[in-house]
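Working notes, beginning with the structure itself.
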Amino acid sequence: MAVVARYSFPLDAQIAKSNLESAGIAAYIADEHTINMQWLYSDALGGVRVLVAVSDLEEAREILGEDFSPSVIEASGSGGEEVSERCCSYCGSRNVALYTKGKKSAFVIFILLGFPLFFYQHGIKCNACGKFTKN
């Protein structure tokens, strides 16, 4: 077995393994559980390693080096365009961003009281007028 790639997070290694297995290359993951339990060990252990047979090493490197972004965009049907056009309900501006209202105060309460009180809201915030709209 040879190391074809190293990742800081086990999820990235699982995605790489799935890509390789979909191409017919047997792949294995090493140190996944150790890093899941103690993620600070990731750098010390060299990350989560994806292993393949030595005979499949070059083909596996080519597969992991490919960019699948165009295929994902094509499969989603969005064609690279934004899925939904959002606008501010107060001023009509399209200069909006996703925003979570109350996230900072919920975090402070968690730190002070030791248990979470989640009272935040997801929505959009207008960058032009500063108003928040709940989704």
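Taken together, the values in this text are just the output of simple stated rules run on the coordinates, not laboratory data. Keep in mind the model is a prediction, meaning the values are calculated, not measured. Methodologically, a virtual Cβ is constructed for each residue, glycine included, from the backbone with ideal geometry; neighbour enumeration extends over all protein chains shown.
Counting every other Cβ atom within 10 Å of each residue's Cβ, VAL50, VAL108 order from fewest to most as VAL108, VAL50. Positive-end ranking of LEU45, ILE15, ALA26 along the dipole of the range 2-76, with charges on Cβ about the Cα centre, is headed by LEU45.
Separation of the range 100-135 from the range 13-67 is 37 Å, based on Cα centroids.
The alpha carbon radius of gyration of the range 2-76, expressed as a multiple of 2.2 N^0.38 Å, is 1.16. Annotated for the chain: lysine pairs at least 8 residues apart or interchain, Cα distance under 28 Å, count 10. Name the shape class, rounded, prolate or oblate, that the alpha-carbon gyration tensor gives for the chain, where a ≥ b ≥ c are the square roots of its eigenvalues, rounded holds for a/c under 1.5, and otherwise prolate holds if a/b is larger than b/c and oblate otherwise. It comes out oblate by the Cα gyration axes. Computed from the Cβ-Cβ distance with R0 of 35 Å, the FRET efficiency linking VAL3 to LEU98 stands at 0.40. Cα-based radius of gyration for the range 91-134, normalised by 2.2 N^0.38 Å, reads 1.41. Of LEU57, LEU98, LEU20, LEU40, the sequence from fewest to most neighbouring Cβ atoms within 10 angstrom is LEU40, LEU98, LEU57, LEU20. Magnitude of the charge dipole for the chain, about its Cα centre and with charges confined to Cβ atoms of Lys, Arg (+1) and Asp, Glu (-1), is about 1300 debye.
Electrostatic bookkeeping for LYS125 treats Lys and Arg as +1 and Asp and Glu as -1; over the other residues with beta carbon under 9 Å from its beta carbon, the sum is +2.
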